[in-house]
Amino acid sequence: MDVVRCSSSLLQRLSIDDLPDCLLIEILSQLPLKSIFQCKCVSRRWCSLISAPSFAYIVHRLRSSSILQRPSTLLISHYTDGVRKVLMTSEEPEFKSLASLINQYYINNRSVSLDIVHASCHDLLLCTRKELKMFSAVVCDAVYYVLNPITRQSITLPPLRRPSNAKIGFIFRCYHDQQQFSYRVMCIPKFECESTEFKVDIFSSDTGKWSESIVSCPPGFHFTDSAHSCAGVPYQGLLFWWSLDGHLVGFDPYTSKCCRVIYKPEDFAPNRRIQRLGVCNGALRICQLAGPPFADDELLVWELKDHDTECKWSLEHKVYFNQMGAENPGLTECLKHISIESLLGYHPYDRDVVYLILATMVVSLNLRRKTVEMVCDFQRPSPFYKAVNVFDFVLPCWPTPIPSSPLKE
């Protein structure tokens, strides 16, 4: 075997910057995430390599794991003293640190502190400028932007002429085989009557444009008012909302089609609406609040058992609030005497935990142990807290880059 020998003078002249980009990227991608971020400060070349979308693809491929294995939390967007702030329900240090950074960002940038968060997907947020009046039927130019709160990267979408109370959905996809990230924003103007088809506006990051499509839906389909106030829920590549009759309808914004209808559970109370649609541990969930608005209120939670050969709802929890206990006696009394205002959402991966608004507090309920804990107290009630400002947030293996508009390149 031949041995290649290098002179000591040659070795002394070589440095890591003499490596080609492909080898340097291979080395950097193997480092811990914190070290990778620190390496951006070494030189302009290193910063450029790490900031490139292709580097994100490589890190995603090397460290790709199920979304269920990533740290997740509920992100609650709210106002305090005229400034927007975020609360993350997770106790993990990285989420507390991220919440602090985002809140400091709002304090330092008052021009965006009143902007409204409408939807989320993974670690991306869909927002609108503060001029937009929520829940209004007035037609106006809506200016949306996609924001990654981890990197502060954002991109503004072209203005869209639409009513302020239109329904919004946001979904993101990563194609590892094509080294491509892509997202869609789906806007459905509110309609008052039952319909088998309606117009939608869809923004594509691939084209950088809004396009209008006609979407067919099941006969008798009718969005509820409460469904109109909540963003579409991403699940298995589709955006889901519920209709007035309690059925779920999934739309594919990549094909502009209604691709799936999921009928409500057989034991679903006909005189009660869906309280919250969401995803827990990768499964679609719905719930109902039943009973009179006092101590014998009960919460029912169904989970969709979605298999290749079968799809059915399973009643996972049925609990009475007057059976719940807490270390803080005040919380127990609240559950007995105060009406539950709204269920905020499901724990991202703990199938026994839900979050809800109780008076001025956000509390977590462990439905198996029948215990309640306070997450935070806003001190004063606000109608804006009724679940329309609560979003799932996933901490990825690497911050998701936001594809730029082809029109701007």
(message) Taking every alpha carbon pair in the stretch 18-63, what does the distance histogram look like in 5 angstrom bins from 0, in percent?
(response) 5, 23, 39, 27, 7, 0
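For Cys47 and Cys397, what is the calculated FRET efficiency with R₀ set at 25 Å and r taken between the beta-carbons, to the nearest 0.05?
Working: r = 20 Å, r/R0 = 0.80.
So, using R0 = 25 Å, E works out to roughly 0.80.
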(message) Please list 3J(HN,Hα) in residue order for the stretch 361-378, calculated via the Karplus relation 6.51 cos²θ - 1.76 cosθ + 1.60 where θ = phi - 60°; whole Hz, with x for glycine and proline.
(response) 10, 9, 10, 10, 10, 8, 6, 7, 7, 6, 10, 10, 9, 7, 8, 6, 10, 7
(request) Could you please rank Ser205, Ser342, placing first whichever residue has the fewest other Cβ atoms within 10 Å of its Cβ? (result) Ser342, Ser205
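Could you give the length gained on full extension between Arg368 and His307, defined as 0.36 nm per residue of separation minus the Cα-Cα distance, in nm? Intermediate values should be presented prior to the final figure.
On the way: separation 61, 0.36 × 61 = 21.96 nm, distance 2.49 nm.
Contour length minus Cα-Cα distance gives 19.5 nm.
Among 345-358, 116-129, 38-51, 85-98, how do they line up from the highest to the lowest mean number of other beta-carbon atoms within 10 Å? Mind dumping the intermediate values first?
Values: 345-358: 20.6, 116-129: 22.5, 38-51: 13.5, 85-98: 16.4.
Packing proxy ranking, top to bottom: 116-129, 345-358, 85-98, 38-51.
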(request) Mind scanning Lys209/Lys257; Lys199/Lys264; Lys85/Lys190; Lys264/Lys370; Lys167/Lys209; Lys264/Lys305 and naming the pairs with a C-alpha gap bigger than 22 Å? (result) Lys199/Lys264; Lys85/Lys190; Lys264/Lys370
(request) Using amide H atoms built 1.01 Å from N in the peptide plane, name the residues 5+ places from Leu284, or on other chains, whose amide H lies under 5 Å from its own. (result) Leu304
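Just so you know, all these numbers are worked out from the coordinates, no wet-lab data involved. What you see is a predicted model, and the numbers here were worked out from it, not measured in a lab. We place every Cβ from the backbone using ideal geometry, glycine too, and count neighbours over all the protein chains shown.
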